[in-house]
Amino acid sequence: MTNFKTFTANRRSILGGTLALGFGAMAMPRIAFAQSGGSKNLLFVLLRGAADGMEMLAPIGDPGFDRLRPEWNERFADSRKIGGLFAIHPALEQVSSAYGAGEALFVHATATSYRERSHFDGQNLLETGGMEPYASRDGWMNRLVGMIPGETPRALAVAPALPLAMRGSAPTSSYAPSNLPDPSEAFLDRVSSLYADDDQLAGLWQSALETQAMAGENSLRNLRDARAAGELTASLMRDEDGAKIGMIELGGWDSHAGQAGQFSRMATRLDALLGAYRASMGESWNDTLVLVATEFGRTARVNGTNGTDHGTGGAALLLGGNLSGGRIIADWPGLREGDLFEGRDLMPTTPLESVLAGAAAEHLGLDPQAALATLFPGRNIAPLTGLSKG
Amino acid sequence: MSRASIALNRFGYGVRTNGAARPASAADLLNQIERFDPSPAILNGREDTSALAGQIIEQLRTQRRQRRELEQSMAASETGKSPARGRDSNLPPELRAAMVTGHQTVRRDAGLRLQMAVQSDTPLIERLVHFWSNHFSVSYGKPGMSHQVGNHEFHAIRPHVLGKFSDMLKAAALHPAMLIYLDQYRSVGPDAPFQQRRRERQRTQNPTPQYGLNENLAREIFELHTLGVDGGYNQADVIEFAQALTGWTVENRRLRGTGTVQQSGAIFADMIHEPGTRRILGKSYSQESADQALTILDELASHPSTARFIATKLARHFSGDDPEPSLIARLEQDFQSSGGDLASLTRTLINAPEAWTGGSAKFRQPFEWLVSAIRITGAEDLSDRRTFGALQQLGQSPWRAPSPAGYDDLAGSWAGPDALFRRIEVAERFARNAPLDDVVGRAENAFPGALSGPTKLALQRAESSAQALALLLVSPEMMRR
């Protein structure tokens, strides 16, 4: 595991050596875990549709990049370059500035244990944390809520429906602004008593009323405006009695054709969401960690319709006020023909589960090893730690 | 739940206050198979704007090219920044107008769909239309698709719901809506005549845009429409199938008028079809032209994995999120022995004891809840704009599923706190403008022998008829089936 601050291509031999050392060392807990997770915020941003990691953080310095995606280098002319190898997509302006401030980092060539190419199975595994699609009915975010000692923190998905990652036995809820008129108080009271004898509906109803109270008055009518969605999410999380565990989804990354425009539009929205969230969290940003991940990467090679198809290795993005950022974590596999997974995809070298479980555990003061075993069971991997300033 | 209530609610869309009284029984469900009208009069007057889909795609292509040229010329002169990249920025007026018409079209078609379900006296078969439409899900989230999504359901799904699965598969998967939605229309065989000619040209001229194979439709047909993800295919099968599918496209300039127009409006063009024999799941397909993909689809329709996959989905829709294995086996067996006869499959479903178990099996999805709510309130004259907006707010716009897998058929996807709150909001508003007579009587009629004591009491004690009706709409009985 290597942090690219400065280095030149080409590298596997160099990085490979440090990986073995680095991984073992980082797997050791660096801080005591007694610290309470009580005031910490964690937001998981799920990019649905397989966001292309090689466009988000383009390996422009790898000679293979130009061969696999001729002329794509030009798109990164004005963007932040890192270590001569990588460039952050130009639409990710606020992410790039957070990176510059040491509050963002990328993990590259990462993937879950899933090695097929179905969005739905890939998302299912990324959300349930299972090894087999549909084998598990609850989500790793829900199990994470269950792991936090003491009073169960509020967990909320800013989404029209509760995403699978948040479903399970721990209490979680979802909220999205609507343009429907508010129901009358009298009707709400009647509904409460109507559901009193129905366990499922009573539970949902209780949770709905709490979230409505938390969201208060806002003029939003939907989540389409990414910046407003970021601000709303922050407003639901930043206060002491707000949600501590949050999730928001951003779909539309499946760029089989004409990727340049589509990716740029999606990256602009992601950037607006993350930038607004970061700014609106205010002082709470120092206690906040944001995990951004997608179900899998895309093919290393451009396809016949100027897009890319379903692939394997991709990128993840972490942001936070307490993050030891401004670096890229990657055991870069290279882009020569023989380096590619099945001859077509970026080879995954860092388990995404290690990143998610390690980062979340460290941030919330949980034991990373125990977190990995609970959130992503059955894998013979170590959690990635050393991501926060401590 | 009583058998009568199951027949009405689990199989159908609930009682229709404005409709003629019908027996609520398995016999009536079987009779619906005979009564169903695949092309009701309401669809006759519908203006078909599907040709606009191709025009919009062409216009977007032109616009993209112009923008690229502009960017290149600006870069060359190094005068400044590239033009805005937003989807709607600098849209030519005719394109903008086409997109507005698109929205009106999809709203109208969604209105027709809802109206047919609300007024239907064969609600089980309407439900099957929606089930299969979701199985072959397409979305108007892509440019041009607004003019195609309604067509897809009305012409590729609806006529086949009691016919052969293989016919529906061919109609639905090769319909222009699907060809556009899953990028098939852009796919070109690597050694198709078009590519060979282009390579010739490239030797003498500047580089032309890249066109090539796109695997998307092939993969989703395997995974979502036929075999299922564990159905036994691999990446090599996907590529072979994608090659067989080349040639299936929609009208576009590159074809220069070559190609044969199909009944659905799709085009098959040999010019972009990959020549040669394909090998898929261990079988060879030496057919030429359009026949190759059609033959493969027929073969996939009769594959045992397909029978299993369809049986599981259908069982889940009618008997619960975790359907009884014996029901899956029953449906699977019927699908195989009848050669995918969907009328036979429907009869087997109706006659299956597992579909009639007592407790409520399913949490109603927003669309089913809204249809049932309108049927029971009798407020059938709501505008398309209003019902479309309500469905959006409830989280289930027709033809707008988040992925080609369609809307999820599990309670966990729909039984959320916020989703519930929205039903409460919609219910109170709907009840304000609906006929308010005899709410308790209607409730008993809607859930014969299945209306709970607490719900009945809550309706009787409501402070107004409007409040009683709103409470009925959000009662536990209305939320599940």
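Put a plus charge on the Cβ of each Lys and Arg, a minus charge on the Cβ of each Asp and Glu, and nothing anywhere else: the dipole of segment B:338-481 about its Cα centre is then about 140 debye. Residues of segment B:114-133 with amide nitrogen under 19 Å from the 7 Å Cα-to-Cβ point of B:ARG3? Under cut-off, by backbone N: B:124. As a calculated quantity, the FRET efficiency between B:LEU255 and A:GLU240 at R0 = 41 Å, using C-beta atoms, amounts to about 0.05. Starting from the Cα gyration tensor of the protein assembly as shown, take the square roots of the eigenvalues, sort them a ≥ b ≥ c, and report rounded, prolate or oblate (rounded when a/c is under 1.5, otherwise prolate if a/b is larger than b/c, else oblate). Since a/c reaches 1.5 but b/c is at least a/b, the shape of the protein assembly as shown is classed as oblate.
If you plug the beta carbon distance of B:GLU94 and B:GLU47 into 1/(1 + (r/R0)^6) with R0 = 25 Å, you get a FRET efficiency near 0.85.
In this structure, B:ARG35 and A:GLU210 have a Cβ-Cβ separation that, at R0 = 56 Å, corresponds to a calculated FRET efficiency of about 0.75. From the alpha carbon centroid of segment A:263-301 to that of segment B:406-481 is 40 Å. Counting DSSP beta bridges with both partners in chain A, what percentage is antiparallel, nearest 5? Roughly 40 percent of the beta bridges in chain A run antiparallel, per DSSP. Express in whole angstrom the spacing between the alpha-carbon centres of segment A:196-234 and segment A:82-128. Using only Cα atoms to place each centre, the spacing works out to 28 Å. Residues A:SER192, B:SER166 in ascending order of nearby Cβ atoms (within 10 Å, fewest first): A:SER192, B:SER166.
Taking amide H as placed 1.01 Å from N in the peptide plane, A:ASN41 has its amide H under 5 Å from the amide H of A:THR288, A:LEU289, each at least 5 places away in sequence or on another chain. Taking other C-beta atoms within 10 Å as the exposure proxy, B:PHE131, B:PHE154 rank B:PHE131, B:PHE154 from fewest upward.
Secondary structure note: in the protein assembly as shown, about 50% of the DSSP beta bridges are antiparallel.
When B:ARG201, B:ARG158 are arranged by Cβ crowding within 10 Å, least crowded first, meaning fewest neighbours, the order is B:ARG201, B:ARG158. For peptide A:71-79, the mean count of partner chain Cβ atoms within 10 Å of a residue's Cβ comes to 1. Once you average over the residues of A:186-199, how many Cβ atoms of partner chains fall within 10 Å of each Cβ? If you average over the peptide's residues, the count of other-chain Cβ atoms is 6. With respect to chain B, whose longest principal axis is taken over its alpha-carbon atoms, helix B:417-432 is tilted by about 70°.
Taking each DSSP H run with n ≥ 4 as -39500 (n - 2.57) and averaging over every residue of chain B yields -15500 deg cm²/dmol at 222 nm. 3J(HN,Hα) along segment B:439-449: 5, 5, x, 4, 4, 5, 5, 6, 10, x, x Hz, from the Karplus curve 6.51 cos²θ - 1.76 cosθ + 1.60 with θ = phi - 60°, whole Hz, x for Gly and Pro.
Note on B:LYS164: lysines with a C-alpha under 21 Å away, same-chain residues under 8 apart excluded, are B:LYS313. Any chance you could check the Cα centroid distance between segment B:261-293 and segment B:311-339 for me, in angstrom? After rounding, the separation between the Cα centres reads 32 Å.
Applying 0.36 nm per residue to the separation of B:ARG386 and B:SER302 and subtracting their alpha-carbon distance, the gain on full extension is 26.0 nm.
For chain A, the longest principal axis of the Cα atoms and the long axis of helix A:185-194 meet at an angle of about 90 degrees. With contacts taken as Cα pairs under 8 Å and at least 6 residues apart, segment A:134-204 reaches a relative contact order of 28 percent. Mean per-residue shielding of peptide B:458-470 is 2, counting Cβ atoms of other chains within 10 Å of each Cβ.
Placing a pseudo-label 7 Å from each Cα along the Cα-to-Cβ vector at B:SER286 and A:ARG336 gives an inter-label distance of 4.3 nm. Kindly flag which residue pairs out of B:LYS142/B:LYS170; A:LYS40/A:LYS389; A:LYS244/A:LYS389; A:LYS244/B:LYS142; B:LYS170/B:LYS362 have an alpha-carbon separation exceeding 24 Å in this structure. Pairs exceeding the cut-off: A:LYS244/B:LYS142; B:LYS170/B:LYS362. What the phi angles of segment A:200-214 give under the Karplus curve with 6.51, -1.76 and 1.60, with θ = phi - 60°, is a coupling list of 4, 5, 4, x, 4, 5, 4, 5, 5, 5, 4, 5, 4, 5, 5 Hz, glycine and proline written as x.
Close amide-amide hydrogen proximity is noted between A:SER388 and A:SER324, each under 5 Å apart and 5 or more residues distant or on a separate chain (H modeled in the peptide plane; Pro and chain starts excluded).
Name all residues of segment A:294-332 having a backbone nitrogen under 17 Å from the label point set 7 Å from the Cα of A:SER39 along its Cα→Cβ direction, giving them as ranges. What the label zone holds, given the 17 Å backbone N cut-off, is A:321-323. Remark: the Cα gyration tensor places segment A:270-389 in the oblate category, a/c being 1.5 or greater and a/b not exceeding b/c. GNM remark for chain A: springs join alpha carbons under 10 Å apart, and the peak mean-square fluctuation among A:HIS119, A:HIS89, A:HIS108 falls on A:HIS119. The overall shape of segment B:278-415, judged from the alpha-carbon gyration tensor, is oblate: a/c is not under 1.5, and a/b is no greater than b/c. Taking θ as phi - 60° and the Karplus parameters 6.51, -1.76 and 1.60, the scalar couplings of segment B:45-60 work out to x, 6, 6, 8, 9, 4, 4, 5, 4, x, 4, 4, 4, 4, 4, 5 Hz in sequence order, x denoting glycine and proline. Can you list the residues of segment A:227-242 with backbone N under 20 Å from a point 7 Å past the Cα of A:GLU151, pointing along Cα to Cβ? Only A:235-242 fall inside the zone, counting backbone N under 20 Å.
Axis of helix A:12-27 versus longest Cα principal axis of chain A: the two differ by about 30°, to the nearest ten degrees.
All of the numbers you see were taken from the coordinates with simple rules; none came from a lab. Fair warning: this is a prediction, and the values are worked out from it, not measured in the lab. Because the Cβ atoms are built from the backbone with ideal geometry, glycine has one as well, and the counts that use them run over all protein chains shown.
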